[in-house]
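The values are calculated or read from the model by the stated rules, or taken from the named source; none is laboratory data. Keep in mind it's a predicted model, so treat the numbers as computed, not measured. Methodologically, a virtual Cβ is constructed for each residue, glycine included, from the backbone with ideal geometry; neighbour enumeration extends over all protein chains shown.
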């Protein structure tokens, strides 16, 4: 009987890897990095329970690093098959995978230079050469078209409204015998700028459903009022607003709101910097695929010259040292690496500044530590005092909240035989399971890491 093994994103948010075994073949759905707690990050260094060369193909739901970031490692360990994804996902992977590899190499070099790694020498998880090889395996596919990934098995990418190119993936037998499996990936939100609403669900016997915000609701839309207040108060203190942002997706929405608030006279015109080469390239990809986005992106394209692009490391260093009030958007979104760490290292001790988080902060990440009220945070081997004001806005999240998840589930033509909750911490998953069971009467399970289940496929 076909089976599914949960190799990641099981009772945690990151590390998405779901192994489908069918007719003697293996297909891996998503191949993401674990992030957050040390015990999770250490899983990135552990081998899969199977040999990578026995995997026939990989299918990606979207380009975020917790869904794609282990792909270069998989390739370096012997995977030789094709990687199927949408064209938008392929575009963004060309940004995130080389960038992740570069950060791995740079972090290893920095640790060796400063001597704060317990490993001698510190080594990267994978290299830029590994990332390039992984990218050579990508086979972009259109939305809403069946694609044969192994003999007898077809997949179809359906727009999930979470990120450029994001999809949920329907897997079926080519002869239409057996059941239907829906790999949910990450689910987007309704009535948000830039991205379209999630496509209605399709009939499935087994559903893998994300549960990141399964225990909460996002704040009601305030037309940017909270963002305007945070920036205005910081400027009054003559401080900087430092925004750790996911380089693809979130930066576009931030710019949309900043320009909208400025145009309405609700924000003073002040310097806006995007200090992320990957984010700058991501904006170009979004701008080139307006047919996949909401109409707001057309207005954003017109206004892009209103921010300052920080391209070089030297320019970034100068910005870190600049004491002028400004909005600085830099990656990474959970403050785990990238240029934003240097801005935080310099900016956290200054009470005039504000650090604003605008997305989910995984357990164990530097972002979660700051949001939870830490007085000190470790960076570059030092304990940095936190005097800056720490703020968080959940309204810009690209993940559906509990209400939006239920709304999307109601669009499925029929109840799946089993819904497996993935991509969530325990509290969120238990809350969502209870709500789905009560409101929809569905059979819901929360799989464990490494658990294997039989499938009606």
If I ask for residues that are more than 20 Å from residue 283 (Cβ to Cβ), part of a helix (DSSP H, G or I) and either at pLDDT 85 or above or in contact with a strand residue (DSSP E or B) (Cβ under 6 Å, 6 or more places away or on another chain) (or both), which ones from the range 84-111 would you list?
101, 104, 105
Between 33, 40, which is under 21 Å from residue 209 (Cα atoms), at pLDDT below 95 and assigned by TED's automatic domain parsing to the domain that holds residue 132?
40
Could you tell me whether any residue of the range 18-29 is free of Cβ contacts under 8 Å to residues at least 60 places away in the same chain, closer than 20 Å to residue 85 by Cα and out of contact with any strand residue (DSSP E or B) (no Cβ under 8 Å at 6 or more places or on another chain)?
no
Can you tell me which residue is farthest from residue 360 (Cα to Cα) among those in the range 399-411 that are in contact with a helix residue (DSSP H, G or I) (Cβ under 7 Å, 6 or more places away or on another chain) and crowded, with 17+ Cβ neighbours inside 10 Å?
409
Are there any helices (runs of 4 or more DSSP H) wholly within the range 213-302 with 2 or more residues that are closer than 24 Å to residue 196 by Cβ and at pLDDT 85 or above, and if so which?
250-263, 277-288
Can you say whether residue 367 is assigned by TED's automatic domain parsing to the domain that holds residue 327 and assigned to a helix (DSSP H, G or I), as far as the supplied structure shows?
yes
When restricted to 433, 417, the only residue in contact with a strand residue (DSSP E or B) (Cβ under 8 Å, 6 or more places away or on another chain), touching a residue at least 12 places away in the same chain (Cβ under 8 Å) and surrounded by fewer than 17 Cβ atoms within 10 Å (Cβ to Cβ) is 417
Residues in the range 173-212 that are assigned to a loop (DSSP other than H, G, I, E, B), under 18 Å from the mean Cα position of the chain (by Cα) and either within 19 Å of residue 444 (Cβ to Cβ) or free of Cβ contacts under 8 Å to residues at least 40 places away in the same chain (or both) total 7
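Does residue 48 fit the bill of being under 20 Å from residue 124 (Cβ atoms), without any contact (Cβ under 8 Å) to a residue 60 or more places away in the chain and surrounded by fewer than 24 Cβ atoms within 10 Å (Cβ to Cβ)?
Yes.
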Quick one: residue 121 ticks every box in (1) surrounded by 15 or more Cβ atoms within 10 Å (Cβ to Cβ); (2) under 25 Å from residue 38 (Cβ atoms); (3) touching a residue at least 12 places away in the same chain (Cβ under 8 Å) except a single one, so which number is it?
(1)
